[in-house]
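The values are calculated or read from the model by the stated rules, or taken from the named source; none is laboratory data. It should be emphasised that the depicted structure is a prediction, and the values quoted were computed from it without experimental measurement. FYI the Cβ positions are ideal-geometry reconstructions off the backbone, even for glycines, and counts take in every protein chain you see.
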Amino acid sequence: MTTSENQPTFESILANFEPHIAEIARSARQQVIDLHPETVEVVYPGYNSTNFGVGPKKNSEAYAYVMAHKKHVNLGFYYGVSLPDPEGLLEGTGKKLRHVKIKSLDTLAHSAVSDLILAAVAERKTALGK
């Protein structure tokens, strides 16, 4: 995994959240890293999130993000509308963006979440010819 230098850390964001939300966010982040070890991570403290991409460019190379909220964590997909979602986990009404709302670690254990992450990586690599 690659991270940007001189960036705030994901842990610094999580300091603002209840321990159970921080644990969910850490687990979601780790799941992305485990499935795509060469991911490029960029932390955005103003959004309480970290992005994952096939490169550092948020608008074109990012495929997913983990964003902490007060009562849940979003595992979001920048091109979620194009991802296969047979389990119907994706939420959202944006033009491209979709997310999975995670309120417990049980949700992350669902194989469909891993399938979404892998599909998002493949979609970005294909779209960018990588």
Of everything in segment 99-129, what is of a type in the set (Lys, Arg) and either in a strand (DSSP E or B) or under 18 Å from Asp34 (Cα atoms) (or both)? Give them in sequence order. Lys101, Arg124, Lys125
For the subset of segment 92-112 comprising residues that are over 14 Å from the mean Cα position of the chain (by Cα) and among the charged types (D, E, K, R), which member is surrounded by the fewest Cβ atoms within 10 Å (Cβ to Cβ)? Lys95
Give segment 8-46 a look and list any residue that's of a type in the set (Ser, Thr, Tyr) and under 13 Å from Val73 (Cβ atoms), or say none. Ser27
Residue among Pro19, Pro84, Pro56, Pro8 that is surrounded by fewer than 18 Cβ atoms within 10 Å (Cβ to Cβ), at pLDDT 95 or above and either over 21 Å from Ser104 (Cα atoms) or aromatic (Phe, Trp, Tyr) (or both): Pro84
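Of all the residues that make up segment 113-130, how many are surrounded by fewer than 16 Cβ atoms within 10 Å (Cβ to Cβ), touching a residue at least 12 places away in the same chain (Cβ under 8 Å) and of a type outside the set (S, T, N, Q)?
Total satisfying the criteria: 5.
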Positions within segment 54-67 being among the charged types (D, E, K, R) and in contact (Cβ under 8 Å) with a residue 24 or more places away in the chain, in sequence order: Glu61
Whichever residue in segment 23-48 is free of Cβ contacts under 8 Å to residues at least 60 places away in the same chain and in contact with an Asp or Glu (Cβ under 9 Å, 6 or more places away or on another chain) and, among such residues, is farthest from Lys130 (Cα to Cα): Arg26
Can Asn51 be described as without any contact (Cβ under 8 Å) to a residue 12 or more places away in the chain, under 15 Å from the mean Cα position of the chain (by Cα) and under 27 Å from Gly129 (Cβ atoms)? no
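Only strands (runs of 3 or more DSSP E) wholly contained in segment 1-98 count here; list those with 2 or more residues that are of a type in the set (A, V, I, L, M, F, W, C).
Numbers: elements: 40-44, 49-53, 62-68, 73-77.
Of the strands (runs of 3 or more DSSP E) lying wholly inside segment 1-98, those with at least 2 residues that are of a type in the set (A, V, I, L, M, F, W, C) span 40-44, 62-68, 73-77.
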Scope segment 59-73; condition crowded, with 23+ Cβ neighbours inside 10 Å and either among the hydroxyl-bearing types (Ser, Thr, Tyr) or out of contact with any helix residue (DSSP H, G or I) (no Cβ under 7 Å at 6 or more places or on another chain) (or both); matching residues: Ala62, Tyr63, Tyr65
